[in-house]
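Since the structure comes first, as structure tokens, the remarks are kept for the end.
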Amino acid sequence: MKLKTLFSPEKIGNVQIKNRIVRSATYVRRAEKYGSIGDQLIDFYKELAKGGTGLIISEFIAVDQSGTASAYQVRLDNDSFLPGHKRLVHSIHDYPETKIAAQIAHTGRQSVHPKYPPVAPSAVPDKQTGLTPRKLKIEEIRSLINKFVDTGTRAYHAGYDMVQLHAAHGYFLSNFVSPYTNRRKDEYGGNIENMARILVDIYNGLRDEIGNEFPITIKLQTQDFVPGGLLLDDAVKIAKILVDTGFNAIEPSGGIGETQVGVKEAYPSKVIKSPEDENYFLPTCKRLKPMMKNCKLILVGGIKNPVSAEIFLNDKITDFISMCRPLIYEPDLPNRWRNGDLTPAKCISCNSCYMTSLTGPVYCVVRKRRERKKKKN
Ligand SMILES: Cc1cc2nc3c(=O)[nH]c(=O)nc-3n(C[C@H](O)[C@H](O)[C@H](O)COP(=O)(O)O)c2cc1C
């Protein structure tokens, strides 16, 4: 069986992607200390490019030091970081037709930075971190909007093919679209339009700086999976505002840090025990697709089977499929599928890769274990 659609080109804005395979943003903890890009990170990304992924979305890149998850997270909050980003982009563009997006983010309510206490739209205690974020004043929100715009503009000048706002997983931008974390009654809260305003403001600010050609995409929170949190019905209304604003692609996701407190089913990186658990944001894509107009949809979450992916694309439920954990195990997975080996991804979605990020560079524990065993035998 040939996967014609999975390996056919498609555009996001004016940027052509050689196939429908996206690497979802993945923090790999390989930046140099305090956020600059060196050989270790570039070599890791080159493996992905070599492996055939059409669009590589970077890990979350901090728009400000106050919004970093660790000292080894990539930053782009001032021009001193630009040379490393330019090197990264050039080395990915050395691979024919391979594109790279910069995902830009601030940790917001989930910050555990020793120097910078967490900030959020509202002061709602976080059950995972045990901290209560400070409620931001309007002028502080505007200042952070400017930081997103400045960082996105730097990404444009660094040569990235597009930018992705990280508005998911309980980080700063997703805090605004959730009724659980946004209790404001001013222009940034209180109703759906106000909750989406920060995303529209960043979009408009970026367009003023970089014009209409550079695609602006978003990873969008669509469900929090906590009591009182964002529900899909409201997320659909938010997505409609973003489509009408002009965003070029939406990658729907969900879950916040607190989702993982006391439950085994950790989002966004859900543990997958059977094929029925796979493709877990497919129902979300089915809801969003009819209103997407020219905005492209990127399905993420538990994608492992190329034949199913081909069906979703042919059925026009999504325009792209996106993977994180499977590409940590097998950076050459797209080429393996393209060359005719259609067995599903070897990743068992156990989330042990996520745990490695707490102490050092991210790697697949299962793969390492299997390789060790093979060596022994
Ligand atoms: C180690 C690790 C790091 C991640 N880093 C990011 C990140 O920087 N930005 C982001 O939006 N999502 C991040 N995610 C979530 C993934 O992009 C993705 O949404 C999730 O893992 C589900 O996709 P999968 O089933 O293909 O792994 C991360 C997940 C893991 C396991």
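Other residues within the sphere of radius under 13 Å centred on the Cβ of I317, judged by their own Cβ, net out at +3 (K and R +1, D and E -1).
Here the convex hull built on the C-alpha positions of segment 10-376 has a volume of 133 cubic angstrom per residue. Dividing the mean sequence gap of close Cα pairs (under 8 Å, 6+ apart) by how many residues segment 183-264 holds gives a relative contact order of 32 percent.
Electrostatic bookkeeping for G360 treats Lys and Arg as +1 and Asp and Glu as -1; over the other residues with beta carbon under 15 Å from its beta carbon, the sum is +2.
Checking the cross-link pairs K219/K270; K185/K293; K2/K273; K46/K240; K46/K147 against a 25 Å limit on the alpha carbon distance flags K185/K293; K2/K273; K46/K240; K46/K147 as lying beyond it.
Rounded to the nearest 10 square angstrom, Y156 shows an accessible area of 90 square angstrom against a 1.4 Å probe. For segment 1-70, the square roots a ≥ b ≥ c of the C-alpha gyration tensor eigenvalues yield an a/c of 1.5 or more together with a/b exceeding b/c, which makes the shape prolate. Between F44, F176, F281, the GNM of the chain built on Cα springs shorter than 10 angstrom shows F44 fluctuating the most. Largest to smallest in accessible area, the residues D233, D161, D186 fall in the order D233, D186, D161 (1.4 Å probe, all protein chains included).
Comparing N182, N78, N339 in a Gaussian network model of the chain, where Cα atoms under 10 Å apart are tied by springs, the biggest mean-square fluctuation is seen for N339. In degrees between 0 and 90, to the nearest 10, how far off the longest principal axis of the chain does helix 192-210 point, with axes built from Cα atoms? Long axis of 192-210 versus the principal axis of the chain: about 70 degrees. Summing charges over neighbours of K99, with a neighbour being any other residue whose Cβ is under 11 Å away from its Cβ, gives +1 when K and R count +1 and D and E count -1. Rg and Dmax over the alpha-carbon atoms of segment 226-373 stand at 16.6, 53 Å.
Ordering R109, R183, R197 by accessible surface, largest first, gives R183, R197, R109; the 1.4 Å probe counts only protein heavy atoms, with every chain in place.
Averaged over its residues, the chain has an accessible area of 42 Å² per residue, based on protein heavy atoms and a 1.4 Å probe. GNM remark for the chain: springs join alpha carbons under 10 Å apart, and the peak mean-square fluctuation among E193, E251, E213 falls on E213.
Annotation for segment 34-114: GluC sites (Glu not before Pro) lying in DSSP loop with at most 12 further Cβ atoms inside 10 Å of their Cβ are E97. Computed on the chain, with alpha-carbon pairs under 8 angstrom and 6+ residues apart, the relative contact order is 17 percent.
Of all DSSP bridge pairs formed entirely within segment 10-376, close to 10 percent run antiparallel. If you sort K286, K270, K240 by accessible surface, 1.4 Å probe, largest first, the order is K286, K240, K270.
The values are calculated or read from the model by the stated rules, or taken from the named source; none is laboratory data. For clarity, every value in this text was computed on a predicted model and none was experimentally measured. Here Cβ is always computed from backbone atoms with ideal geometry, including for glycine, and neighbour counts include all displayed protein chains. The area values use the complete protein model at the heavy-atom level, side chains included, leaving out ligands, DNA and RNA. Shrake-Rupley method; radii C 1.70, N 1.55, O 1.52, S 1.80 Å.
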